[in-house]
Amino acid sequence: MKTLHASLLATAVSLALCTAAPPLLAAGSAQPWMDKARTSAQRTELVLKAMTLEEKLLLLFGYASGDQLAQIDASVIPGVNTRELKATVIPGSAGYIPGIPRLGIPAQFQTDASIGVRNPYLERTSLPSSLATAASWDPRVTEAGGKMIGLEARLSGFNVMLAGGVNLAREAQNGRNFEYTGEDPLLAAEMGAGLIRGVQANHIISTVKHYLINAQETGRTLVSAQISEPALRMSDALAFELAIEKSSPGSVMCSYNRINDVYACQNDKWQNGVLKGDWGYKGYVMSDWGAVHSTVQDANGGLDQQSGFPFDKVPYFAAPLKDAVADGSVPKARIDDMARRILWAMFDKGVVDHPIKAGAIDYAAHALISQAAAEQSLVLLKNEAGMLPLAPSAAPKRVAIIGSYADKAVLSGGGSAVVTPIGGNAVPGLGPGGWLTQVWEPSSPMKALQQQLPATQFAFDAGTHVDAAAKAAAAADVAIVFVHQWTAESLDAPSLSLGGNQDAVVSAVAKANPNTVVVVESGGAVLMPWHKDVKAILAAFYPGARGGEAITRLLTGAVNPSGRLPLTFPASADQLVRPKITGKSEGPLFTVRYTEGAAVGYKWFDLQGHKPLYAFGHGLSYTSFELGGLQASQAKAQVTVKFSVKNTGKREGASVGQVYIRAPHSAKWEAPRRLVGFDKLKLKPGETGTSAVKIDPRLLATFDEATGQWVIAPGTYEVQLGAGSDDIRATTKLSLAGRRFTSAQLRR
Ligand code: BGC
């Protein structure tokens, strides 16, 4: 789709905004809910009392944008004014929910997603993929990124951002792993929560999504995820539970799949029982686009807002919901609860008090935030014989750059999370097309390298033909091969192997030139049959708007790599729980049995004794660190682990101290050990830093379904301090008494 002219856009955005009535400023007695001195809960109750049933219902039903609206008329939604709707909704956006001007309640303008404002008509700044920034192991990085993209959302006219993907990378081939934050519940929660806090700092609502166990894209609306409650509580659900506690997102988006046979958006157990009950969640549940299957079951099952009509076939939460209230199948009190949750989020996150206003965006500053995020995230997987950095002081004379359009661009993941780059798609026309067109950010690693290494001669080869690539490599002192794997929403990766002839190209280049470096742009883990033959490998994931510059600065040593893998890179697909994705995207309903339970990622590898290609937590630096001083103690119920890190090398760098705990057999954990804490420290040469990490008791416990309690088994636990899950540098013992508690008790 072509990008609209900027002035047209500005008109569309301001037209859309003027329908959002500005809230009254004073706490006039007529509208006491506008009094900022009251709590969000008090303000919500006051406005709720002033609302008619019709007004409450208005908040519960969302529209899609653009062409989709042509399918709506008064025969579908009585009283709808499609023309007005079309003029109001921001073209190309995710959705819209009307406001209630007479009460000062603004409309909700929704935009995707976690790496930036996604809109085919709006060019915006893209962060690196969420998996990439999870590799920073530093929530400050995702928080800074969230602040930036949330500001772009605000300045583009949006007050709800569909960000915060924290589904665990349970399937290595999941096409959306790039939108998520890795395979471990603690890491996923910390990194996702940082992003959500950043987005919401702009007085807009962020979601956390997709709730729950939406682990594959193949048949995502057909699949039932079969898993025991304890296993889910200790894995995917734990990522949501912790992320919600650490960031208080205004909304939770329920997912397409079924959970143990019941659709996620009508799942009484996981929405009413766990999310709103046990975890005390006060915000609202919005559906994923097309994930609603009924009126009564969904409303009573805990869904508060139907999104993006007509993605669902039926406007379940429009007239049918009013009918259901009239015949008593959905209680009036439930409608109040639905509206209350939405209003609470709007007050609490600042949507009511800080009306959105389209405005100018400082793209240059935002590009630097994206670049800084990439620089703190990309992972140096291998660096033999000091191959890297290619320092300007000892720069090679001739460098061959091979493959993946590295002369022009870096890759993005596809689907509803892809941002239209500033300057447009640098390599148009690739991929399946339409909303699944491949998007390449116009950030050329080769150009950036030319700038960083001005005395070096560069030659580019497209990597299309093995022989030509080998010839280019043979004529250079150093060969840098860029390989890529494009993944996207709605599709899973067909395998973990790189597409086309890329493996053959790397092998041929490595044979032709002993100084071969590989840069991998991927949605997640990929297989690297040539890894022994090359000197260095940089995992760049999808590195964002300034990925080319970030990659270059890491390769040349302007920046010292400090990312660590947020998921395991297997040595072969056989090591995975399911070497192939189950099911089809069309056809009958099907189930996937997650027999591994909570043993996701490295936990599965530990359990099976598999040696991965690159382990969870792995990542190299241009300096070296000594980790020690490990101490574990317990005061009252709080376990704290302390350690120190010394930079023993010659340059500044950041280490990520990772704390794992190994349980006694009697504890019956899903796998031998879990990540329970981590801390990233930036240290000058010779400098020593210390960390004190507080351990969440749920990470030491198993979940007891019968009582709804977390249970810590008494016994002696081994505390491990590592620079990676396969690189444990120190251990100590920790004696724990038995303990039982609920999630609710932890909140008190
Ligand atoms: C995706 C969501 C997204 C929504 C709105 C769905 O297809 O699963 O993540 O927020 O569309 O675009």
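The values are calculated or read from the model by the stated rules, or taken from the named source; none is laboratory data. The structure displayed is predicted, hence computed values, not measured ones. Backbone-built Cβ (ideal geometry, glycine too); neighbour counts: all protein chains shown. Just so you know, the surface numbers come from the protein's heavy atoms only, side chains and all, with ligands and any DNA or RNA stripped out. Shrake-Rupley method; radii C 1.70, N 1.55, O 1.52, S 1.80 Å.
Look at Ile551 and say whether it is at pLDDT 95 or above and assigned to a helix (DSSP H, G or I). Talk me through it step by step, then tell me what you get.
Numbers: at pLDDT 95 or above: yes; assigned to a helix (DSSP H, G or I): yes.
When the stated conditions are applied, Ile551 passes them.
Quick one: which strands (runs of 3 or more DSSP E) lie wholly within region 185-304 and hold at least 1 residues that are of a type in the set (Phe, Trp, Tyr) and more than 14 Å from the ligand (Cβ to nearest atom)?
Working: elements: 205-211, 223-226, 251-254, 284-287.
The strands (runs of 3 or more DSSP E) meeting that bar are 284-287.
Looking only at region 474-501, count how many residues are away from the ligand (no atom under 16 Å from the Cβ), buried (at least 24 other Cβ atoms within 10 Å of the Cβ) and outside any loop (DSSP other than H, G, I, E, B).
Total meeting the criteria: 7.
Taking Gly686, is it in a loop (DSSP other than H, G, I, E, B), out of contact with any Ser or Thr (no Cβ under 6 Å at 6 or more places or on another chain) and open to solvent by less than 10 Å² (accessible area, probe 1.4 Å)? I'd like the intermediate steps shown before the answer.
Details: in a loop (DSSP other than H, G, I, E, B): yes; out of contact with any Ser or Thr (no Cβ under 6 Å at 6 or more places or on another chain): yes; open to solvent by less than 10 Å² (accessible area, probe 1.4 Å): no.
For Gly686, the condition - in a loop (DSSP other than H, G, I, E, B), out of contact with any Ser or Thr (no Cβ under 6 Å at 6 or more places or on another chain) and open to solvent by less than 10 Å² (accessible area, probe 1.4 Å) - is not met.
So for region 176-184 (the condition being open to solvent by less than 10 Å² (accessible area, probe 1.4 Å), of a type in the set (Lys, Arg), in contact (Cβ under 8 Å) with a residue 12 or more places away in the chain and within 14 Å of the ligand (Cβ to nearest atom)), does at least one residue qualify?
Within region 176-184, one or more residues are open to solvent by less than 10 Å² (accessible area, probe 1.4 Å), of a type in the set (Lys, Arg), in contact (Cβ under 8 Å) with a residue 12 or more places away in the chain and within 14 Å of the ligand (Cβ to nearest atom).
Could you please give the count of residues in region 357-369 that are closer than 23 Å to Gly194 by Cβ and either touching a strand residue (DSSP E or B) at 6+ places or on another chain (Cβ under 9 Å) or open to solvent by 30 Å² or more (accessible area, probe 1.4 Å) (or both)? Talk me through it step by step, then tell me what you get.
Applying the first criterion (closer than 23 Å to Gly194 by Cβ) to region 357-369 yields 361-363, 365-369.
From what is left, the residues that are either touching a strand residue (DSSP E or B) at 6+ places or on another chain (Cβ under 9 Å) or open to solvent by 30 Å² or more (accessible area, probe 1.4 Å) (or both) are 362-363, 365, 368-369.
Here the count works out to 5.
Restricting to region 136-162, give me the number of residues that are over 10 Å from Val117 (Cβ atoms) and either assigned to a loop (DSSP other than H, G, I, E, B) or among the small types (Gly, Ala, Ser) (or both).
Residues that pass the stated criteria total 7.
So Ala113 passes all but one of these: (1) closer than 30 Å to Ala372 by Cβ; (2) open to solvent by less than 60 Å² (accessible area, probe 1.4 Å); (3) at pLDDT below 95. Which condition number does it fail?
All conditions pass for Ala113, except number (3).
Which of the residues belonging to region 386-411 are assigned to a strand (DSSP E or B) and either among the β-branched types (Val, Ile, Thr) or open to solvent by 40 Å² or more (accessible area, probe 1.4 Å) (or both)? Explain how you work it out, then say what you get.
Here is the first cut: in region 386-411, the ones assigned to a strand (DSSP E or B) are 398-402, 410-411.
Hits for region 386-411 are Arg398, Val399, Ile401, Ile402, Val410.
Mind listing whichever residues of region 63-90 are under 23 Å from Trp435 (Cα atoms), out of contact with any Pro (no Cβ under 9 Å at 6 or more places or on another chain) and hydrophobic (A, V, I, L, M, F, W, C)?
As a first pass, look at region 63-90 and keep what is under 23 Å from Trp435 (Cα atoms): 63-72, 85-90.
Filter once more, so that each one left must be out of contact with any Pro (no Cβ under 9 Å at 6 or more places or on another chain): 67, 70, 86-87, 89-90.
Hits for region 63-90 are Ala70, Ala87, Val89, Ile90.
Can you tell me which residue within region 455-471, out of those that are more than 17 Å from Val519 (Cα to Cα) and in contact (Cβ under 8 Å) with a residue 60 or more places away in the chain, is surrounded by the fewest Cβ atoms within 10 Å (Cβ to Cβ)?
The extreme case among them is Ala455.
Taking the conditions exactly as written (outside any helix (DSSP H, G or I) and either touching a residue at least 12 places away in the same chain (Cβ under 8 Å) or farther than 30 Å from Ala459 by Cα (or both)), does Ala360 satisfy them or not? Lay out the reasoning, then the answer.
Working: outside any helix (DSSP H, G or I): yes; either touching a residue at least 12 places away in the same chain (Cβ under 8 Å) or farther than 30 Å from Ala459 by Cα (or both): yes.
Against the criterion (outside any helix (DSSP H, G or I) and either touching a residue at least 12 places away in the same chain (Cβ under 8 Å) or farther than 30 Å from Ala459 by Cα (or both)), Ala360 qualifies.
Name the residues in region 689-707 that are part of a strand (DSSP E or B) and closer than 18 Å to Gln658 by Cβ, would you? Steps first, please.
Of the residues in region 689-707, the ones part of a strand (DSSP E or B) are 689-695, 702-704.
Within region 689-707, Gly689, Thr690, Ser691, Ala692, Val693, Lys694, Ile695 meet the criteria.
Check whether at least one residue in region 443-465 is away from the ligand (no atom under 16 Å from the Cβ), in contact with a Gly (Cβ under 6 Å, 6 or more places away or on another chain), at pLDDT 95 or above and not small (Gly, Ala, Ser), and report yes or no. Step through it out loud before you land on a result.
Initial filter on region 443-465 (away from the ligand (no atom under 16 Å from the Cβ)): 443-465.
Those left that are additionally in contact with a Gly (Cβ under 6 Å, 6 or more places away or on another chain): 443-445, 448, 463.
With at pLDDT 95 or above added as a condition, the list becomes 443-445, 448, 463.
Still in the list and also not small (Gly, Ala, Ser): 445.
Checked region 443-465: at least one residue is away from the ligand (no atom under 16 Å from the Cβ), in contact with a Gly (Cβ under 6 Å, 6 or more places away or on another chain), at pLDDT 95 or above and not small (Gly, Ala, Ser).
As an exercise: evaluate Lys313 against (1) more than 16 Å from the ligand (Cβ to nearest atom); (2) at pLDDT below 95 and give the number of the one condition it does not meet.
The number of the failed condition is (1).
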